[in-house]
Each structure stands twice: as structure tokens, then as C-alpha cells.
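Asks: Here it is: the structure, laid out below.
A short reminder: the numbers here are calculations on the coordinates, not readings from a lab. As the structure is a prediction and not an experimental result, all values here were calculated from the model. Positions of Cβ are generated from backbone atoms using ideal geometry, with glycine treated the same way; all protein chains shown enter the neighbour counts.
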There are 4 protein chains.
Amino acid sequence: MLIVMHPDATEDQIKAVLDAITALGLKPHPMPGANRTAIGITGNAGPIDPGNFDYLPGVAEAIRVTKPFKLVSRDLKHEDSVIKVGDAAIGGLDLAIIAGPCAVETRDQTMEIAELVYSCGVKFFRGGAFKPRTSPYSFQGLGLEGLKILDEVRSRFGMKIVTEVLDNESVDLVEEYADVMQIGARNMQNFSLLKRVGQARKPVMLKRGMSATLDELLLAAEYIMAEGNYNVVLCERGVRTFADHTRNTMDLSIVPAVQALSHLPIIVDPSHGTGRRDKVIPLARASVAVGANGVMVEVHTHPERALSDGPQALLPDMFRQMMAEITAIYRVIAEARPSPRE
Amino acid sequence: MLIVMHPDATEDQIKAVLDAITALGLKPHPMPGANRTAIGITGNAGPIDPGNFDYLPGVAEAIRVTKPFKLVSRDLKHEDSVIKVGDAAIGGLDLAIIAGPCAVETRDQTMEIAELVYSCGVKFFRGGAFKPRTSPYSFQGLGLEGLKILDEVRSRFGMKIVTEVLDNESVDLVEEYADVMQIGARNMQNFSLLKRVGQARKPVMLKRGMSATLDELLLAAEYIMAEGNYNVVLCERGVRTFADHTRNTMDLSIVPAVQALSHLPIIVDPSHGTGRRDKVIPLARASVAVGANGVMVEVHTHPERALSDGPQALLPDMFRQMMAEITAIYRVIAEARPSPRE
Amino acid sequence: MLIVMHPDATEDQIKAVLDAITALGLKPHPMPGANRTAIGITGNAGPIDPGNFDYLPGVAEAIRVTKPFKLVSRDLKHEDSVIKVGDAAIGGLDLAIIAGPCAVETRDQTMEIAELVYSCGVKFFRGGAFKPRTSPYSFQGLGLEGLKILDEVRSRFGMKIVTEVLDNESVDLVEEYADVMQIGARNMQNFSLLKRVGQARKPVMLKRGMSATLDELLLAAEYIMAEGNYNVVLCERGVRTFADHTRNTMDLSIVPAVQALSHLPIIVDPSHGTGRRDKVIPLARASVAVGANGVMVEVHTHPERALSDGPQALLPDMFRQMMAEITAIYRVIAEARPSPRE
Amino acid sequence: MLIVMHPDATEDQIKAVLDAITALGLKPHPMPGANRTAIGITGNAGPIDPGNFDYLPGVAEAIRVTKPFKLVSRDLKHEDSVIKVGDAAIGGLDLAIIAGPCAVETRDQTMEIAELVYSCGVKFFRGGAFKPRTSPYSFQGLGLEGLKILDEVRSRFGMKIVTEVLDNESVDLVEEYADVMQIGARNMQNFSLLKRVGQARKPVMLKRGMSATLDELLLAAEYIMAEGNYNVVLCERGVRTFADHTRNTMDLSIVPAVQALSHLPIIVDPSHGTGRRDKVIPLARASVAVGANGVMVEVHTHPERALSDGPQALLPDMFRQMMAEITAIYRVIAEARPSPRE
């Protein structure tokens, strides 16, 4: 923490701040400048709440310095984390592709799409059985029936299942059927749910909230890890801005930003990130080029019949084209970049 | 829904869209223009998913027209809703003031603050027993012990208790102790929790999410009402923008915007909305002046010892000053405005 | 400036940073902490560019401390500035009302509106002769002819004229006819124009850019003052966010934020701030309640014929209602608040 | 335009709207629905101002349909525009690389950087002689002296010069020395300057404003083209959001969005887009992968001495690495994508 005093702060006011710091068992470092005095603080184990100081007379500003996360941090673990999912993995040398419909709608629809994506070499199948919908009158998912269909996809194709968990009550059920449990953007700061999946054993994919900062995303992951589940994958899915040409604005710079601060893998979801089918392929290419560990996309064989998010689902030919293009780009990236930090 | 065709859409493409509309049991209204054709759709019961059309060849855009909410809407209920809370109310002729500490920290702290706000005529006491915190290492609230302290505040001062509920598991417990259950901004789209409090009987205060649109806020309220709990109060608490001089940016225009579309009362929380003590009074005045049904603020007798959000809590003298100023402004507003819509 | 080192920065890296600071003639203050070392810097006359340090090995972050503005700052001038405009003023004890059409369209329209607002006690008349329009095909203003109509308004009613200046070439012309020259939001960082009006003698009203931070707004004013024109009025007119229920999102918290840092007066424009007629009155009330020195609104006697921004112009009855309401609120504010800082 | 009536609009109100449409010489298309009536409008040459209708009794909303741009539109010109710059080009088959320092600081610094980027095959050299700076006390550029240094770079290396023009007064001078005139983000809606460079003959690179929508960017280009200069290159350079891990948030989805609506080429500037050196390479890769026609980056041989934006300039080795990586990715893209639309 750095305390910046007003230019006209008195000696007594400065002294009172120094005393307040000492009273908390911390060490003050006064730095008198030409116009004003700043006071550095050391000796703290974790971050200090600026609220301890900024009400004191003469204080202009209290600036945080220490980052508030631990387990997610590269300071603690230098090498990249690789999240093992059975014989597959997210992070590490391979590009993880997660594909499937937005929602599991029927057995036939799901199998048809599963067959398509499997034939393109995909190892992770996505599909929602419990759907978070903005309106209470929209299709809310098939629930257990949907999970059973996903189970059949795994049995038949060997793909790992990625599916969303919406609340504490369904964690046990979803964990039974899923290989990776997804926490949606709207639940990124549902701390109760984060703690609950932190007690589960299956890996968790945590999507960035629509207006979450980098620190908030990492702290949400910290909630999960603090409960003992270290298998966390982050996911950028677009943030909310004034821009109106896409449903959300993809913030691809968070990929290298996460990689600098954290050892956790991060993937990108250009389907929700753009909300428009014709933007998914270019943004999937960009996601791989920026260095993401994987891409998650929605695919549908009959988007006109989709019960949710039809407009953003790739058609079969588009999906094949995307796979070809991102595979070629990943090869370039993989050659260019240094081996994963170990 | 309005379908706008590309300028170079062919007659066959237009016909295919008309057929697709008819196939869904809806009625198309083609409007050929100088450059392009638009097609209106009627006959729908609720909103139509643009995904049904925008993949069709020749379609440039599919524009939503019908608003997706019902129970929250003034179209359904013209007169203003007044949420009764025992012998107090939110909405209607009185300005509701909700005041207290961010979190219940100790019995003594809570009683001291309760005494202060009660002496200023406050009818609703706020204080968190379960706290949603960005970091897992921050103080998470006293839980049941905190609820019991709030119960004592009610017994002693007769103030109604407003406190947050974080997850489905604690709804029963919180409902037992609270007069109004608060859903925090981070849980505004925790649909599972919205449904659960919709099955409760106590009124719900729903805070706007940090990047929620007006429609999303109203649809979140719709989730609660669709389960049978019609006692919903909305709360603006600032949204997230690029602006860095306050913790959030207060969007006061949502107050008249809500009042135009919905019969539900709406209050404003300038403590979280600004995050800085010295901005709370001016923004509380503005909240009343814009026409809000109430104001919720944080007050602390010893903010330097507060375990959360100390920097935004009003000191006792500031709170008294705020009460005097907003009361005077509310008198002006109440005289000027027409009687509540009935 | 505060330099924060990586936890694993070596002694040599720390020493290199200390040397680099000394080499710039500044004084380093190393503060070794439990996990990492921070280094304060003093001795600088103005802000230091973080670019001087953050490329050095071992540096995690370089944090700015010194605020980069001078002439606009309360550190330099404690008392509130009152901008004199002939026998009227912006700032000080009176609430300044600036009203009129978005654009000067015809002599008749302008006179009719002028008569209306004058009859309500307005001292400042607004109206654009040069209009910044998003599309090159929209009405661009009457130019000189418009200025002459404004001149007639001044002669006939004695109101002061506030009108926009779009480029350096027209500064002389606009200064000849205007009492206050307005710099629009899109030109807030047109530094060439800021310098040019800084050399003029007439007061300047500077509107906040659509995504300008508080610091940027104050630095734009600093550009004008640095050239010698100290008569600057700031204006909040809404910022751009994801929210879609108004054209812009009004950020009223900037009013107390400006007042804390700067001695310059600040007014609010709820017409552009909301873009919707039915939101203007509530937000005008809120603007006065938050403590603004004035309000600027658009009024039109025949908005259906307006050549620009018709949807946000108040109708005559609405304008009269607004005047009554904000006058009553201002009386409350004026009584409550301490006398202007002198 | 589509007019949506309130559910309780009367027959007379609907008739009044139909009459108002007819009175403007347009054709109304009423569509009575189950709950409310919508009215389509055709017969308009350009966009209609919603202000003509939304004040009428019974009108709930007036929705724009027609896009307001012409010359920039693919509707008018189907094939991709290639902007010729002497024997080089932006758009078309080659990836355009524009590199150089943020500002021209000294002859030696400029030549050293020019030599570096030339040796990597770069055809366009960037460097500011007139600098738009947030603070009036920051380095404002060398002016004419800087332009002469750029002239020497062109003579010596044959690279084309891209440099910013800040105001109308310096357009003639900059046009004399530049091959491409850059309009900065802060001037994107400086309509006077847009018109002035529209009358020039040299190509213009137009940077997206920090909170400009896609439509606003295209309309700014339309201003230039409407004056007769059709040689316009667009440039994405990041937008302003709540995210704080980069200086701006890059919105790469605007690249395919522009390409869908417009024939103009678009490049990306990851240096300003991220503001941090270590993010430039990943985002440059992503920019090429998303399909941009080029990349503009800042390079500095001694960033610690840079007078502006040092923290975002690539060091020589980083620049070489970036060139290798984006060239390889461009090869993949070029093979995968269909030939340019012709």
C-alpha cells in the first residue's frame, strides 16, 4: 500500500498516518517530495484495505500494491498447469477443441452433432443440460435427461463431456455425468457455487463474467482452488461494452495477461464472444493465434431449429473449415513459441 | 420481429423467408422499399428468436420488437406497486430509507449504528450476515450469529431488517430472520436463486448486475414473480464503465426508465454506486431528485475498523446531514409530481 | 512514481533500478517487503513516464502517483472560480440555466423558442450554427446566418449566447457572435482547437468526451488555460456504456469529483445525456441535486420539425415544469450547502 | 423505419401516425398484432429521423432500419478496395506492415529504427511529427523538422511515410511530406478535419475513436469519401472499457464486421490497442489471424529514452520475432481464404 498525502497536509497529519500504520503492526516508509509526501507500507502478509487509511485527515489517496491472489499465481507455481481429463488434457502441448450444441435438445440432434465433431478430431463435447436463460419463459434445458444423452455421447465416441452446473444442488449430479463442469459467466461471482465445485473432484471450466476484471477472474479461480480443487481452466467469452456489432466484445488480450500472472490454462469461446455465426471463424483463428490453450465453439446441424443461441452456431461446413484453419495456425504458434514453462 | 432483406436479395429468397414465417404459424407482412424489402411478422404470442431467420439466404438482419417480459410490465398492471413490509412500505407515498453497516461485525458495533440510524427516523436497517467477497480470504460474514444480532435490532428498535441471501441453502434461514431478502448484484442472474426466492413469501430486493441492461434487470425480476412472489423491489447500485473516479458509475436514468416500463418500485444505493464516502451525499440527493422510491446507504460509527467497505460508509454526522438534505428534496419532489399511478 | 519489483527480482536488478532513478536526477526510496521490494521516487517536478522503468529487468509494475494537472487544480487555487459572462455568471451563487434549440434552423423557430425560455427567466440561450453530425448527409447548421440570428436573440432578449465552435478557422467568427464558445464532446481532445480557444478571450464551455476520464477532462481544460484563457466551464453530457435504455449514460458523480479536484464550475446537459425527452426532467432535477452549477437543455416548440435531435427536446410545458422543479431543488441545495469555497 | 405502437394505443392514435407518415411523402404499412400494432415505412431515400415520430401519442418506439452510409458500403461497390501508395498498397494480396517509433524524436533515433524495420522487409514507416498528447506539458512533436527527417527516411530506404495530421492548418504541410495521412482516434469525429483531408489527394488512415461504434467509424470514412478522396484505410486501435489489464481493449471482431459491410481495407494497431509491450506480439498475431489487411506497430531501439509511449514500443528482437510469426500466420490465412472479392 502507498499512502499519498495532500500537498497541504500538516506535519501532524503525516505523523498520525505513520502512527496508524505502526499501530497495525506494519512498517511505514515516509518519502517527502517537493509537493507532497508519500508513505510506503511494508510488513503486511496480504493486501491491506485502503479503508484503513483514506478517511484520515490529510490523506489524498491510498493505492493498493500487493496482488490479492495466491494459489492461481505464477509466483507460487512457475510452470504451466496442465489439466488432465482422462486421457485428454487442457493446457500443455495440444490445442483443446470443445465443440457441440449450445443445449442438448434431443437425442437425435445431439448424436448427429457429436458424430460431426468427432469426425473432425474433437476430443471434448459440449452441450448444456441445465441452461441459464435471461428470460424465465425460454427453454431451460432437459436436465437429467440431457445428462444421460451426454453420457451416451461419451460412451459412443469417447469424447469428454463439458457441461454447465447452475447451482449447488445439482453439483453432485453434474459431476457424476460430466468430465469438466462449466461455471457460466453469470455465475463467475456466485461464491457459494465456486466453493461447492471447489470441493468436487472433477475439473472446472470457469467463464469470465461479462464485466469481470482480470483480478476478479483470478480471484474467482482462487475460490475454487482454496477449497482444494486445483483443476481449473479459465475461459474468455467476451465482455460487455458499448460496441453493438457483436453480442459481446472479445477481449483476447486477457489470454497473454492471464498467462503472465497465472499458471492456469485459458481457452476462448468465440461463439458467445461474438454471438454471430459469421464472426466465429475469424475470431477462433485469432484466439489460437493469441496463444489460447483451446477454443470452445457451438455447432449445430439444424440451427434454424435450435432452442437457444441458433444464430451463433456454426454449420457443419463452417466447422470443418474452422478446424482446418485453426489447426494450421496452431502449428505455426507451436513452432514459434518456447516450450511450455516448466 | 422485423426481417430486413439484403438490397440484392432475390425474389426467391424473399419468398423463402415468407414461407418460413408461415411455416411457424405466423403472419408475414412484406414491405418492398426502394432499396430493399422488409418483412414484418405478427401472430406471435411472445418474442421470436431471431435465430429462426437470420441464417436464411438474403436476410440482412432480424430485429426484435416484442419486449420479453410480462408480470413486471405496466402493460399488465398500470398502477404503481407498493411493497408492504409489516407496517412499513417501499413504493407509494413515503421515501424509504435503508441504512446500516455493510456487514454485521459485532453486536456492539451493530447496536451502536442501529441506534444512530433509528434516531434519524430510519425504518429499514441493513447489514450483511452472509457477505459476497471478491477474495476468498476476505471476511465472509458472521452467518447465523449475524442474523441473530439483526433480530435483536428489530426487537429493540422496530426497524425492518434487509439482509442478503447468497445461495439456495440459506434462503430458509435468511427468510426466518429478514423482513426483506436482498439479492446482490453478482447474483442478479443466478437464476436458480431467483426461482428459489420466488417461492419464498418475504419481499425481495433485487440489485442490478454490474453490466445488466434494463431488460435483463426486469427479466430477473420476472423470474422471481413467475414463481409467485410479487413483492419485488429493484435497486440501482452503479454499473461498470471505463470511468475511474468512482468504484462504479451510477446510472440514475434507469429510475425513470424502470418507472416507464414497470410498476415495481426502485431504490438507489449510492454507497456501492460510488464506493467513496465523499460522493455518497451528493448522489443520495440526486437519487431522490431523479424520483427513486428510496435510498440505501452504508453507515459506520468506526469505519476505520470496518471489516468490509469501510471507505464508502458515512460517518454519523454525514448521515444526519444526508437525511436532512434528502428529506427536503423529497418534499419538493412529492409536491411536484402527480399522485402515484393507481 | 512507485516501482514495484517482482518477488523474485535479484539484488542486482533492484540496484539497476535505483541507478536508473538516480541517473534521471531523482531520488529513490527502496522499501524491502516480505515478498517483494517497492521503490518510491521523489524529486520530480511533474509526472514521470512509467516507460522509463517498466522495461527494466525485475520490474513488475510502475505506478503513477503525481496528478498531471496544475492550473485547473484546487491545489493551486482553493476558491471556486466564477465565470463572468457580462452581467451574468456561471459558478457562484446562482444556478445557470442554458436553454434553446439543438440547432438554429430558422429565424422564426429561434425567436419563438427564445421568447419561451426568456419568459421562464433563462439567462443563457443555446443554439448551434455549426453542427457536428455523425453523418455527412445530415443538416450541418446555418453557419454565419445562424450566428446572426443568435445575435438578434441577444439584442432582443438580453440573453447570453452559447454556441459551438467546430474548428480553428471559425473561432474568430464564433467569438465575435458568442458569449460562451462551446467545445463539443467529439472535440474534447482536439488539442489544436483547445489551444486556439485558449488564445481567445471569451469563456469556453468544454463538454466531456464520450469516453473521457476525469483526468482527461481536466487536462483538456488545462490545455485551454495553459494558453491564457482561464474562463472555462466544464460540462457532463453522458458517457458511452453498454446500457441501451438511454442514448448515453449520465455520470453525475463527476460533478462532486470535479469539485474536489478543481476550482472550475461544472454544469450538466441531460438532453444529450439521456437522448430522450421523457428522461430530461428527472435527470435535470438530479443534476441540480448533485450540486452542479447549472443545467443545459434543449427546448423546441415544434420538435417534430426539428432538423436535429428532435427526440430529446423538451416541449414548452415540460420546460416550464422543469424550471419550477429545479428551482425548488436548488433552493434546498443552496440552503444546505456551505457557502462557496473562497 | 418501424414504428411500434403501445399495446393500449387507440385507433385514432394509430391513424394519426399513418397520416404523419403520408404527410412526409412516405408509405405506411400497418401490421396489427395480437398485442400491439407496428407500422413499417417505405419510400424513404435515406434514413428517417425517429424524432419525427416518437413524440406522437401512442408511439412506443421508432426503430431505424436503413443504414446511413453509402460510399463506404459494399452495397455500392462489391469488390475489395486496394489503396495504392506508390508502388506499395494496403488491401489486396499483401499484408501491410507499418512500423516505426511513436514520435520522431531525433534524426539519429529515427534512422536507427528505420534501418531496423527496413531490414525486416517493412514497406511503411510510421512516426509522429505532430503528436496529440493528453497533457499540454508533454512532448508535442518536432513539427516540420520531424517531417523532414521522415522525408529523409523515404529517400534513403524507399519506405512510404505514414504520419499524423492534427488540424486543418497543417494538412497541406503533412500532405507534402506524407504518403499516408493518419487521423488519430481522438479526431475520428473532428468533422472539419475529415472534410479537409477529403479534399486532399493522399490516402488517409482513419483510426477508430475510443468509443466509436462500427456505424460511426464507417460514417467518419464517409465524410472523407463524400469530399472526393476515396483512398481510405480504417484502423482498429482498441476501445475503452472497464478492463484494466491493458490500456485499451482490442475489438478484433470489428475486422470481419467492417469487411462484411464495407469494401475499405482495415488494419490493426496492437501497440496502442494494448499499451504494453509484452502484449503486442500475441495481439499482432491475432490481428493477422482475424483477417486484417495489415498491422501497425511501434518499435524503438531505446524505449527507455522514448519521449512518448515508450512502454508499448517493441524492442528490436521482439520486432523481428513478431515479423516472423505474423508472416507465417498470414501465409496460412492467405491460403485458406478465398481470393479477394472482385
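Asks: How large are Rg and Dmax for segment A:2-63 when only the alpha carbon atoms are used, in Å?
Replies: 10.6, 32
Asks: Could you work out, residue by residue across A:29-36, how many beta carbons of other chains sit within 10 Å of that residue's beta carbon, and then give the average as an integer?
Replies: 6
Asks: Sorted from largest to smallest, which semi-axis lengths in Å does the alpha carbon gyration tensor of chain A give for its equivalent ellipsoid, taking the root of 5 times each eigenvalue?
Replies: Semi-axes from the Cα gyration tensor: 44, 21, 19 Å.
Asks: Hey, another quick one. At 222 nm, what helix-only mean residue ellipticity would chain D give, in deg cm²/dmol to the nearest 500, using -39500 (n - 2.57) for each DSSP H run of four or more?
Replies: -10500 deg cm²/dmol, from helical runs alone.
Asks: Could you please rank A:Leu283, C:Leu147, placing first whichever residue has the fewest other Cβ atoms within 10 Å of its Cβ?
Replies: C:Leu147, A:Leu283
Asks: Still on this model: Shape call for segment D:217-309 from the C-alpha gyration tensor, a ≥ b ≥ c root eigenvalues: rounded (a/c under 1.5), prolate (a/b greater than b/c) or oblate?
Replies: Because a/c hits 1.5 or more and a/b exceeds b/c, segment D:217-309 counts as prolate.
Asks: Would you calculate the convex hull of the Cα atoms in segment B:1-147 and tell me its volume per residue in Å³?
Replies: Measuring per residue, one finds 232 Å³ for the Cα hull of segment B:1-147.
Asks: Right, here's the next one. Listed here are the pairs A:Lys131/A:Lys207; A:Lys207/B:Lys131; A:Lys84/A:Lys207; which of them are more than 20 Å apart at the Cα?
Replies: A:Lys207/B:Lys131
Asks: Which order do D:His78, D:His263 fall in if you start with the one that has the fewest other Cβ atoms within 10 Å?
Replies: If I rank by nearby Cβ atoms, fewest first, I get D:His78, D:His263.
Asks: Output the 0 to 90 degree angle, nearest 10, between the alpha-carbon long axis of helix B:316-336 and the longest principal axis computed from the alpha carbons of chain B.
Replies: Value to nearest ten degrees: 50.
Asks: If I take every Cα pair under 8 Å that is 6 or more residues apart in segment C:156-196, average their sequence separation and divide by the length, what percent do I get for the relative contact order?
Replies: Once normalised by length, the contact order is 41 percent.
Asks: Normalise the Cα radius of gyration of segment A:88-235 by 2.2 N^0.38 Å (N = residues in it) and let me know the number.
Replies: Normalised Cα radius of gyration, segment A:88-235: 1.01.
Asks: Have a look at D:Pro57, D:Pro132, D:Pro101 and tell me which one the Gaussian network model of chain D (Cα, springs below 10 Å) gives the largest fluctuation.
Replies: D:Pro57
Asks: Taking a cut-off of 15 Å between Cα atoms, list the aspartates and glutamates near D:Lys148, but don't count ones fewer than 8 places away on the same chain.
Replies: Those aspartates and glutamates meeting the cut-off are D:Glu105, D:Asp108, D:Glu164, D:Asp172, D:Glu175, D:Glu176, D:Asp179.
Asks: Just to confirm the numbers: D:Pro57, label point 7 angstrom along the Cα-Cβ line, distances to the other copies in nm, shortest first?
Replies: Here D:Pro57 shows inter-copy label distances of 5.0, 6.3, 8.0 nm.
Asks: Additional query: When DSSP assigns beta bridges and you keep just the ones with both residues in chain D, what percent turn out antiparallel, to the nearest 5?
Replies: Antiparallel: roughly 40 percent of the beta bridges in chain D.
Asks: Pairs of Cα atoms under 8 Å, at least six residues apart: use those to get the relative contact order of segment B:219-265, whole percent.
Replies: Rounded, it is 30 percent for segment B:219-265.
Asks: Please give the helix B:277-290 orientation as an angle from the longest Cα principal axis of chain B, in degrees from 0 to 90, rounded to the nearest 10.
Replies: 50
Asks: Between copies, how far apart are the C:Asp87 label points? List them in nm, one decimal, shortest first, with each point 7 Å from Cα toward Cβ, please?
Replies: Label-point distances to the other copies, shortest first: 5.8, 7.3, 9.4 nm.
Asks: If you build a Gaussian network model of chain B, linking Cα atoms that sit under 10 Å apart, which residue out of B:Leu206, B:Leu76, B:Leu252 swings the most?
Replies: Answer for the Gaussian network model of chain B: B:Leu76.
Asks: On to the next question. Exposure proxy check: C:Glu175, B:Glu11 ranked by fewest other beta carbons within 10 Å?
Replies: The most exposed by this proxy come first: B:Glu11, C:Glu175.
Asks: In chain A, what residue has the beta-carbon at the shortest distance from the axis of the rotation relating A to B, and what is that distance in angstrom, rounded to the whole number?
Replies: For chain A, the closest residue to the axis carrying it onto B is A:Ser211, 2.
Asks: Work out the mean other chain Cβ neighbour count within 10 Å for the residues of C:206-212 and drop it here as an integer.
Replies: 5
Asks: Partner chain Cβ atoms within 10 Å, averaged over the residues of D:38-44 - can you pull that number for me?
Replies: 5
Asks: Placing a label point 7 Å from Cα toward Cβ, how far apart in nm is B:Arg156 from its equivalents in the other copies, listed shortest first to one decimal?
Replies: Once sorted, the set of distances for B:Arg156 reads 6.6, 6.8, 8.0 nm.
Asks: Between D:Gln182 and residues 5 or more places away or on another chain, which pairs have amide H atoms under 5 Å apart, with H built 1.01 Å from N, and which residues are they?
Replies: Correct list: D:Thr163, D:Glu164, D:Val165, D:Met205.
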